[in-house]
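Down below is the structure, laid out as structure tokens.
Nothing in this text is a laboratory measurement; each read-out follows from the coordinates by a stated rule. The shown structure was predicted, so the numbers you read here are calculated from the model rather than taken from an experiment. Virtual Cβ from ideal backbone geometry, glycine too; neighbours counted across all protein chains shown.
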Amino acid sequence: MIKIGILGDIGSGKSFISKQFRFPVFNADQEVSKIYKNNKGCFSKLSKQLPKYLKSFPVKKEELAKAIVEDTKNLKKIVKVVHPIIRKKMNKFLKINRNKNAVVLDVPLLIENKLNDKKMILIFIDAKKSEINKKLKKRPNYNKKLISNFRNIQKPLGDKKKISNYTIKNNFKLSSVRKNVNYIRNKILNERNSS
């Protein structure tokens, strides 16, 4: 099984592009939402760390957002609690899909939390800053400070691009994105079959 890790800025279209590969996708953001909604153990750990902000189960994203905006250190506290649960879920996903040709890992802190391994194929999603900001501003829960705090705990984009095996330029046009994805998809599968 080939593991494909998707890297890029917040709002660069990682989740959208992940789906275009037509392989099983592990989407960490979706999993985090489920954890907040269903995992009481996670709530009790988070409320111990952030008693001032978390009022009741399930975890409300706006309460976490307030905690992060008021103090960047709170983001690290949240990551510390949530990350081990995500790692477990990701390992379960890999186990379930072990007989598939390939899987895609759409995990924002993939590199930072050392979830990648040497064999993983890394793909960097390159999008114009102006396009990204335009997209982010359209989000219903847009918060400039929150996004800036998230960016601050991530490795610089230049470093991520350097370590990636491939780069996909995302101009937010479906036809050219699909063309790029299909080219890389075929290349990855052909290289696996020839090795």
In whole Hz, what ³J(HN,Hα) sequence does the stretch 134-141 give by Karplus (6.51, -1.76, 1.60; θ = phi - 60°), x for Gly and Pro?
4, 5, 4, 5, 7, 5, x, 9
Computed helical MRE - 222 nm, the chain, DSSP H runs ≥ 4 contributing -39500 (n - 2.57), nearest 500:
-17500 deg cm²/dmol
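When only Cα pairs under 8 Å and 6 or more residues apart are kept, what is the percent relative contact order across the chain?
Working: 230 pairs, mean separation 71.5, N = 195.
Relative contact order of the chain: 37 percent.
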Whose amide H sits under 5 Å from the amide H of I2, counting only residues 5 or more places off or on another chain, with H placed in the peptide plane?
A102, V103
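Report, in listed order, any pair from K80/K134; K88/K173; K88/K118; K34/K134 with a Cα-Cα distance greater than 25 Å.
Numbers: K80/K134 31 Å; K88/K173 35 Å; K88/K118 19 Å; K34/K134 27 Å.
The answer is K80/K134; K88/K173; K34/K134.
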Of the trypsin sites (Lys or Arg not before Pro) in the stretch 32-87, those whose Cβ has at most 11 other Cβ within 10 Å and which sit in DSSP loop
K55
Can you find, among S175, I147, N193, the residue farthest towards the positive end of the dipole of the stretch 59-195? Put +1 on the C-beta of Lys and Arg, -1 on that of Asp and Glu.
S175
If you line up the long axis of helix 72-96 against the longest principal axis of the chain, both from Cα atoms, how many degrees apart are they, to the nearest 10?
50 degrees
In the stretch 155-195, which trypsin sites (Lys or Arg not before Pro) are in a loop and have at most 12 other Cβ atoms within 10 Å, using DSSP for the loop call?
K173
Per the Kirkwood treatment, what hydrodynamic radius in Å, one decimal, follows for the chain from the mean inverse distance over all distinct Cα pairs?
17.8 Å
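Here are some pairs, K37/K161; K60/K92; K76/K160; which of them have Cα atoms lying more than 30 Å apart in this structure? List each step's numbers first, then the result.
On the way: K37/K161 34 Å; K60/K92 26 Å; K76/K160 20 Å.
In this structure, K37/K161 lie more than 30 Å apart at Cα.
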In whole Hz, with x marking every Gly and Pro, tabulate ³J(HN,Hα) for the stretch 32-39 from phi via Karplus 6.51 cos²θ - 1.76 cosθ + 1.60, θ = phi - 60°.
4, 4, 5, 4, 4, 7, 10, 9
